[in-house]
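Data first, discussion second: the structure below is written as structure tokens.
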Amino acid sequence: MRGEFPDPSRPNMPLLAFETSCDETSAAVIHEGRVLANAVASQIDLHAEYGGVVPELAAREHLRNLAPIVRAALKEAGIHANQLEAVCATQGPGLPGALLAGLKAGQAMAFVLRRPFLGIHHHEAHLYSPWIVGDPLRGDFSSFEPNVSLIVSGGHTILVHVEAELRHRVLGSTVDDAAGECFDKTGKLMGLGYPAGPLIDQLAAEGNPKAFDFPRPMINSNDDDFSFSGLKTSVRYFLRDRPELLEDRQAIRDLCASVQAAIVDVLVAKVIRAAKRLGVNCVTASGGVTCNSSLRARLATACQKAGLNLRLAPNRVCTDNAAMIGILAERKLLQKTAMTPLDADIMPNWELA
Ligand code: KG4
Ligand code: ZN
């Protein structure tokens, strides 16, 4: 018997999730908190030669990738589209053309299947990705506790107080460049490819973080905001005056380690300070930069010292993915959140409240 939807007493609700806010085309199938499939097609290679995401190309590539990615996700989950109980997609924020591709595909599918549709806030989904654990992945909300959450990616650096499940308040964000952007732009100055973040992480492992002293912008500011463009500029002028360093492989490793240390110092200090001030017992982090091995290690040490629990999103759900969109959508459906109309538009500048 099929009950009314959404009905928390009826657990049988596999849902299909779409994520296309930037340069990852992703579709996931979620069922009772379990991630049955999380197919991701990354466009990194497509944009690498331009040194950044080209919005028009991203949108076209999403359109090309969407059908095969949805097919792959349904196949991996072992279900037919008719068995889906709901469809959800990222509604914003993000690149307009990219968002349009995924949102309209999701709405069209919900229309054809006559299923409810839910538009999801991309950053709100990031807030819950640290609670996706295990292999196979599943949402683990039994141990959920109020936390301070860092969302740190190529486009965003946001600090959020998550007061309860589905209740949050933004504490601060970057006033200029995002942390990932700082990794990528300083890496470009060092002649590294795009995106430079993962390369800097690798090279820094063999470098000396104290070799060069770069600024830690806003580390002691009396707020929860960030700024990284000054650090980038400082690296630019430093390399203008000492171009010979770029010919020296060890100097590049030291530069990577020193830049990384400056970024990580700021992120860790501000997260821990906010957590202590707000009296929460838990810190979480997600977004592409959370893949950074130094950030992960330093957060672990700092949280241990401060007596805080730490939940880091597993690497494969740090970067953009539809599993986190679906996991949040399922929590919302269980709490009877209002559905999103099938003609609802994208919200490219949707601010996290
Ligand atoms: O979340 P994401 O995939 O996309 C958005 O920006 O929304 O994050 C990508 C960002 C890029 O700036 C990339 O350089 C950075 O995350 N990143 C890293 C690492 N892996 C990815 N930065 C530092 N260390 C890493 N290991
Ligand atoms: Zn993201």
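None of the figures in this text is laboratory data; all of them are computed from the coordinates on show. All values derive from a computational prediction rather than experimental measurement. Glycine also receives a Cβ, built like all others from the backbone with ideal geometry; neighbour counts cover every protein chain displayed.
Do we have CYS282 as away from ligand 2 (no atom under 16 Å from the Cβ) and surrounded by 23 or more Cβ atoms within 10 Å (Cβ to Cβ) here? Considered against the rule, which asks whether it is away from ligand 2 (no atom under 16 Å from the Cβ) and surrounded by 23 or more Cβ atoms within 10 Å (Cβ to Cβ), CYS282 comes out as no.
The number of residues in the stretch 106-136 being small (Gly, Ala, Ser), in contact with a Phe, Trp or Tyr (Cβ under 8 Å, 6 or more places away or on another chain) and either part of a loop (DSSP other than H, G, I, E, B) or surrounded by 24 or more Cβ atoms within 10 Å (Cβ to Cβ) (or both) comes to 1. Among the residues in the stretch 85-105, are any in a helix (DSSP H, G or I), of a type in the set (Asp, Glu) and either at negative phi or within 16 Å of ligand 1 (Cβ to nearest atom) (or both)? No, that holds for no residue. For first residues located in the stretch 142-159 and more than 10 Å from ligand 2 (Cβ to nearest atom), partners that are outside any strand (DSSP E or B) and among the polar types (S, T, N, Q) and lie 6+ apart or on another chain with Cβ distances below 8 Å form the pairs GLU145/ASN281; PRO146/ASN281; ASN147/ASN281; LEU150/THR290.
Within the group ALA329, ALA285, ALA297, which residue is in contact (Cβ under 8 Å) with a residue 12 or more places away in the chain, assigned to a helix (DSSP H, G or I) and of a type outside the set (Lys, Arg)? Break it down into steps so the answer makes sense when it comes.
Details: ALA285 fails: assigned to a helix (DSSP H, G or I); ALA297 fails: in contact (Cβ under 8 Å) with a residue 12 or more places away in the chain.
Among ALA329, ALA285, ALA297, only ALA329 is in contact (Cβ under 8 Å) with a residue 12 or more places away in the chain, assigned to a helix (DSSP H, G or I) and of a type outside the set (Lys, Arg).
Where strands (runs of 3 or more DSSP E) fall entirely within the stretch 137-242, those with at least 3 residues that are surrounded by fewer than 17 Cβ atoms within 10 Å (Cβ to Cβ) are at 167-173.
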